[in-house]
Amino acid sequence: MPAVAKKQRDAPGRPTRRMRGVVPALETAAQLLAWYDAERRELPWRYAADEAADPYHVWLSEIMLQQTTVKAVIPYYEKFLARFPSLRSLAKADLEDVLQLWAGLGYYSRAHNLHACARAVVKRHKGKFPASEAELLELPGIGPYTAAAIASIAFGEVTTPVDGNVERVVARLFSITEPLPAAKGELKRRAAELTPRLRPGDFAQAMMDLGATVCTSKRPSCLMCPLASGCAARAEGIAETLPRKLDKGTRPTRFGVAFLALREDGHVLLRERPPTGLLARMLEVPSTEWTDAAPAHEQAMRAAPVRADWWPVPGTVVHVFTHFRLELAVYHAIVPSDASLNLWASPERCRWVARTRLPGQALPSLMRKVIQHAMRES
Ligand code: SF4
């Protein structure tokens, strides 16, 4: 350890990493809440400390904020509230209207779930969101982070939503050097230890704000940080290197074959992915399952969505997900306009989309890469 860093850590009054582990949760929460009261971001879904938050507003904003920036969400949030001022009005709406209003915000499975969730709350809970994290988790589209965020912000439950921002702040405060994703459990536990029994919702929002505006991934503004005096990573001079991430090269690789069928009339075959799991409800180019070994040609052909003269496109498409690296071989075929789909391709989830309309489809970047790869060779 550099001499200066060691001296800083051992200086009287400066919490060491060991001390931080046992003591200053309350002190840290108090410092953060005082900062939040003075510096918090004014956002359309935010409530003052003495106001009761409307769960509908909290839920709507949290669903929209998944995978999207605050700046992009604000106009959509305002448009949605103007059109659907209450949960019941959203539940009554046609799905098509909801999707139309959502257009441009991406990840369309969220819009499907938003609508399904509004209906489920009306049906199962008489139009009022349940107040506990456990019950919220039972609703469509509400995962662990969103359930904890709604429970703490709207209902004051002492629980801690942990997203990438919070993981970063906590990894630095405690100087947790174990890489993600293995460190997730430890980061969640430490974040929970910091959460105060009073104002847990404000604490959650304060952590979000700190991660978004001060403890940013590149160049954290430690001089402006309310938690700087107790931050272990800052004292050690390693803040910018945390949280560490598993080297991409150490992720396991999965393999599959994607089938790009182009109809003679210029339509491409796409399929909606299942409602749960990776890339849920997004459109895909039909493919084999993604497995640990590359499927042999004959095996791949048995999964083709339509009988055709398939030919392999040279090269592969590589995409890196959080937990694995995917390598897809791509097969291409021109098929007649009356081609019928094989039953194992789940025809009920398939649709033919005009090639010219592909840019406006809810396609994840992996599938855009597959289409570009196949079209380049066609
Ligand atoms: Fe992040 Fe710096 Fe604050 Fe530590 S002192 S929490 S690294 S901004």
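The values are calculated or read from the model by the stated rules, or taken from the named source; none is laboratory data. All values derive from a computational prediction rather than experimental measurement. Don't worry about glycine lacking a Cβ; one is built from the backbone with ideal geometry, like all the others, and counts go over all protein chains shown. We work out accessible area using only protein heavy atoms, side chains counted, and drop any ligands, DNA or RNA first. Shrake-Rupley method; radii C 1.70, N 1.55, O 1.52, S 1.80 Å.
Just check the stretch 89-132 against the gyration tensor rule for me: Cα atoms, a ≥ b ≥ c as the square roots of the eigenvalues, rounded for a/c under 1.5, and otherwise prolate or oblate depending on whether a/b exceeds b/c.
Here the stretch 89-132 falls in the prolate category.
Express the relative contact order of the chain as a whole percentage, based on alpha carbon pairs under 8 Å and six or more residues apart in sequence.
15 percent
Using a 1.4 angstrom probe, figure out how much accessible area the chain has per residue, in square angstrom, rounded to the nearest whole.
Ligands and nucleic acids excluded, the figure is 50 Å² per residue.
By the gyration tensor of its Cα atoms, with a ≥ b ≥ c the square roots of the eigenvalues, what is the shape of the chain: rounded for a/c under 1.5, prolate for a/b over b/c, or oblate?
Because a/c hits 1.5 or more and a/b fails to exceed b/c, the chain counts as oblate.
Dipole of the chain (Lys/Arg Cβ +1, Asp/Glu Cβ -1, origin at the Cα centre): which of TYR56, GLN361, ALA239 lies farthest to the positive side?
Final value for the positive-end residue is ALA239.
Ignoring everything but the protein chains, give the 1.4 Å probe accessible area of MET224 in square angstrom, nearest 10.
Result for MET224: roughly 140 Å² accessible.
If I fit a long axis through the Cα atoms of helix 365-377 and take the longest principal axis of the Cα atoms of the chain, what angle between them do I get, 0 to 90°, rounded to 10?
Helix 365-377 sits roughly 40 degrees off the main axis of the chain.
Helix 144-155 versus the longest principal axis of the chain: what angle, 0 to 90°, nearest 10, using Cα atoms?
Its long axis makes an angle of about 50 degrees.
Quick one: order TRP45, TRP344 from most to least accessible surface, probe 1.4 Å.
TRP344, TRP45
If I ignore ligands, DNA and RNA and count only protein heavy atoms, how much of CYS231 is accessible to a 1.4 Å probe, in Å² to the nearest 10?
Estimated to the nearest 10 Å², CYS231 gives 20 Å².
What order, most packed first, do the peptides 168-180, 51-63 have when packing is the mean number of other Cβ atoms within 10 Å of each residue?
Ranking, from highest mean packing down: 168-180, 51-63.
If packing is taken as the average count of other Cβ atoms within 10 Å, what order do 148-154, 369-375 fall into, highest mean first?
Ranking, from highest mean packing down: 148-154, 369-375.
Over 30 Å between C-alpha atoms is what I'm after, so list which of LYS188/LYS218; LYS123/LYS369; LYS128/LYS184 land there.
Checking Cα-Cα distances, LYS123/LYS369; LYS128/LYS184 exceed 30 Å.
With θ taken as phi - 60° and the coefficients 6.51, -1.76 and 1.60, list the Karplus ³J(HN,Hα) couplings across the stretch 222-239 in order, rounded to whole Hz; mark glycine and proline as x.
4, 5, 9, 8, x, 9, 4, 5, x, 8, 5, 5, 5, 4, 8, x, 10, 3
For the stretch 67-154, just say rounded, prolate or oblate: build the C-alpha gyration tensor, square-root its eigenvalues into a ≥ b ≥ c, call rounded for a/c under 1.5, and beyond that prolate if a/b exceeds b/c, oblate if not.
oblate
If you count, for each residue, the other Cβ atoms within 10 Å and average over each peptide, how do 308-319, 267-278, 106-117 line up from highest to lowest?
106-117, 267-278, 308-319
How tilted is helix 70-83 with respect to the longest principal axis of the chain? Cα atoms for both, answer in degrees (0 to 90, nearest 10).
70 degrees
By DSSP, what percent of the beta bridges with both residues in the chain are antiparallel, rounded to the nearest 5?
Roughly 60 percent of the beta bridges in the chain run antiparallel, per DSSP.
Less than 13 Å Cβ to Cβ from VAL268, Lys/Arg counted +1 and Asp/Glu -1: what total charge do the surrounding residues give?
Summing Lys and Arg as +1 and Asp and Glu as -1 gives +3.
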